[in-house]
Amino acid sequence: MAALVKLYYAVGGFLGKNLAWLVPLSLFPGILLPQVFGPLNVIAPALFACMAFQGALSNHLSDVKDVFTRPLAIIVIFIMGQLVYPVIAFLGAHLLFGDDPAIMSGVVATFSAPIATTCMIWVGLYGGNTSLGLTGTVITSLFAPLTLPLMLQFLVGASVHIDIIPMMLQLLFMVVVPAIVAMAITEKTNGWGEKVLAPKLAPIAYFLMLFINMCNSSTLADIVAHLTLTHLWVVLYMIGVTVLFFLGGLAASTLMRRNRADRVAMSLAMGMKNLSSASTIASAYLPEGANLPILSGILYQATIAAIIGQRVGTPDTETEDYDEVEAEAKAEVEGA
């Protein structure tokens, strides 16, 4: 038993330290073996809910309350990131790619998605305001069942049939319910959820992230097999718009005369999107090919975040080492 526990944390440590290159690589099994991973798309929402639960265990309602003593920053993050950005991205894509329903819906879904849960890692890494980053993640996640389907309906509903109610219910199941349950556990257990349960579930969450990408990327198999210049232009467009939106967050925070920590949090929060949630929704409700603009973000989003963070913030040299978690788990087993 002790050996299995040690192996479990060793695998978790490897996955956690190497996600930067494992996440992009996780797209290829689904693309190469769509007949294997495609049918598994039906369980992707349930797996995402489990992953979201683990990620939300580190959220504290007290941190969210503190941000609302000065709510302007979070209001700007929400309005720009969830309402304005999708419209800008849609208009640009419409000018370049016409009325292609797959591309249009994929672009809108990408930028209507909530802030990525991994955003908190980057905000902390570069000395940003973690409370502001956390609040942005929580608020956009809680409102995702409204903002994502409604933005899709408003911008592409004329050319794409959007099942709003099922989509809203699925987002509630995937994002909102796990987040509320996880935060409640952490609050009611005086931090046990964050300090004990979250590290124990982290290896599972890492694996689920990779597996969900494999399932969702199976929808790209046909596109990759018949790749065109237009598809490459879509990827380049998404890179350019994503950079623009990161810089938009930085510009907004600068105009608001926020301190460096807030500038880091706002620029990263307004550029990093929860691509796994958008991709899972696209696989279930959007036209084939909508995952191209969404999943392409896995190839560059973290790189852009790192560049922006290095330029705006100060790297934190005291980030958590997963080896410490593994050592603590080993000590628990040996002491049992």
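The values are calculated or read from the model by the stated rules, or taken from the named source; none is laboratory data. Being a predicted model, the structure only gives us computed values, none of them experimental. Please note: Cβ atoms are built from the backbone with ideal geometry, for glycine as well, and neighbour counts cover all protein chains shown.
Values computed for the structure shown
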| item | result |
| --- | --- |
| Any hit, the stretch 53-62, residues being hydrophobic (A, V, I, L, M, F, W, C) and farther than 20 Å from residue 183 by Cβ | no |
| Pick from the stretch 272-305, criterion in a helix (DSSP H, G or I) and of a type in the set (Ser, Thr, Tyr), ranking: farthest from the chain's Cα centre (by Cα) | 285 |
| Of all residues in the stretch 249-262 being assigned to a helix (DSSP H, G or I) and touching a residue at least 60 places away in the same chain (Cβ under 8 Å), the one that is nearest to residue 220 (Cα to Cα) | 249 |
| Answer residue from the stretch 79-120, given it is under 30 Å from residue 260 (Cβ atoms) and either free of Cβ contacts under 8 Å to residues at least 12 places away in the same chain or acidic (Asp, Glu) (or both) and is surrounded by the fewest Cβ atoms within 10 Å (Cβ to Cβ) among those | 79 |
| Single residue of the stretch 252-269 satisfying the filter (more than 12 Å from residue 114 (Cβ to Cβ) and hydrophobic (A, V, I, L, M, F, W, C)) that is surrounded by the fewest Cβ atoms within 10 Å (Cβ to Cβ) | 255 |
| Leading residue by the ranking (nearest to residue 71 (Cα to Cα)) among those in the stretch 126-138 that are crowded, with 21+ Cβ neighbours inside 10 Å and more than 16 Å from the chain's Cα centre (by Cα) | 132 |
| Which numbered condition residue 196 fails, given (1) buried (at least 22 other Cβ atoms within 10 Å of the Cβ); (2) at pLDDT 90 or above; (3) of a type outside the set (Lys, Arg) | (1) |
| Top-ranked residue of the stretch 59-75 - restricted to ones that are touching a residue at least 12 places away in the same chain (Cβ under 8 Å) and under 22 Å from residue 145 (Cβ atoms), ranked as nearest to the chain's Cα centre (by Cα) | 59 |
